[in-house]
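K.L.:
Submitted below is the structure of interest, expressed as structure tokens.
Values quoted throughout were computed directly from the atomic coordinates according to the rules given, and no laboratory measurement underlies them. What you see is a predicted model; the values in this text were computed from it and never measured. Here the Cβ is made from the backbone with ideal geometry for all residues, glycine too, and neighbour counts use every protein chain on show.
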Amino acid sequence: MNYVLLIGGMAAITWLIRATVFVLGDRLVFPPLVRTALGFVPVTVLTAIIVPMAVSPHGAGAELTWRNPQLVGALAALAVSALTKRPLLTIAVGLAVFFVWQGVVLK
């Protein structure tokens, strides 16, 4: 299949969905259950992106060992996030643990 056609089709569908929401504006009212569900979309998408990268960084299967710096950094970030609920601190600690673990512990 032609990749340009495929990408153009995906762009058109995405534009159509977003334009519909903007055009309808306040006339489009979601039921409370849908509004609640939409609140979980960012967390779900980020989890779907981050967990496979942390658990299987090389794509060959799960690497659930202390020698996996992505997993150790993600667990540190998870702990900081649960304790402080501060996103910037969570990112800083996760990155710091990842780089220290990769540079010092594994060398």
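K.L.:
Over the chain, what is the relative contact order in percent, taking alpha-carbon pairs closer than 8 angstrom and at least six residues apart?
P.N.:
Relative contact order for the chain comes out at 17 percent.
K.L.:
FRET efficiency for Leu33 and Ala62, Cβ-Cβ distance as r, R0 = 35 Å, nearest 0.05?
P.N.:
0.55
K.L.:
To the nearest whole percent, what portion of all C-alpha pairs in the chain is separated by more than 24 angstrom?
P.N.:
51 percent
K.L.:
Additional query: Which one of Leu75, Leu24, Leu38 has the biggest mean-square fluctuation once the chain is modelled by GNM with Cα springs under 10 Å?
P.N.:
Of Leu75, Leu24, Leu38, the Gaussian network model singles out Leu24 as fluctuating most.
K.L.:
Mind checking the dipole of region 1-95: about its Cα centre, +1 per Lys or Arg Cβ, -1 per Asp or Glu Cβ, Debye to the nearest 20?
P.N.:
Charge dipole, region 1-95, about its Cα centre: 200 debye, nearest 20.
K.L.:
Oh, and also: Which one, Gly59, Gly94, Gly25, has the greatest fluctuation when you compute a Gaussian network model over the chain with C-alpha springs under 10 angstrom?
P.N.:
Its mean-square fluctuation being the largest, the pick is Gly25.
K.L.:
Using label points projected 7 Å from each Cα along Cα→Cβ, tell me how many nm separate Leu88 and Phe40, to one decimal.
P.N.:
Between Leu88 and Phe40, the simple spin-label model gives 3.1 nm.
K.L.:
With an 8 Å cut-off on Cα pairs and a minimum separation of 6 or more residues, tell me the relative contact order of region 62-107 in percent.
P.N.:
Rounded, it is 44 percent for region 62-107.
K.L.:
Now, a different point. Per DSSP H run of n ≥ 4, the term is -39500 (n - 2.57); total these for the chain, divide by its residue number, and report the mean residue ellipticity at 222 nm rounded to 500 deg cm²/dmol.
P.N.:
-23000 deg cm²/dmol
K.L.:
A further question follows. For the chain, with a Gaussian network of springs between Cα atoms less than 10 Å apart, report the residue from Ala48, Ala82, Ala11 with the top mean-square fluctuation.
P.N.:
Of Ala48, Ala82, Ala11, the most mobile in the Gaussian network model is Ala11.
K.L.:
Also: Given the options Val80, Pro52, Val41, identify the residue whose Cα lies farthest towards the positive end of the charge dipole of the chain (+1 on Cβ of Lys, Arg; -1 on Cβ of Asp, Glu).
P.N.:
It is Val80, whose Cα lies furthest towards the positive end.
K.L.:
List the residue ranges in the chain for DSSP H helices whose C-alpha atoms run 15 angstrom or more along the long axis and whose Kyte-Doolittle average is 1.0 or above.
P.N.:
3-24, 41-55, 69-84, 87-100
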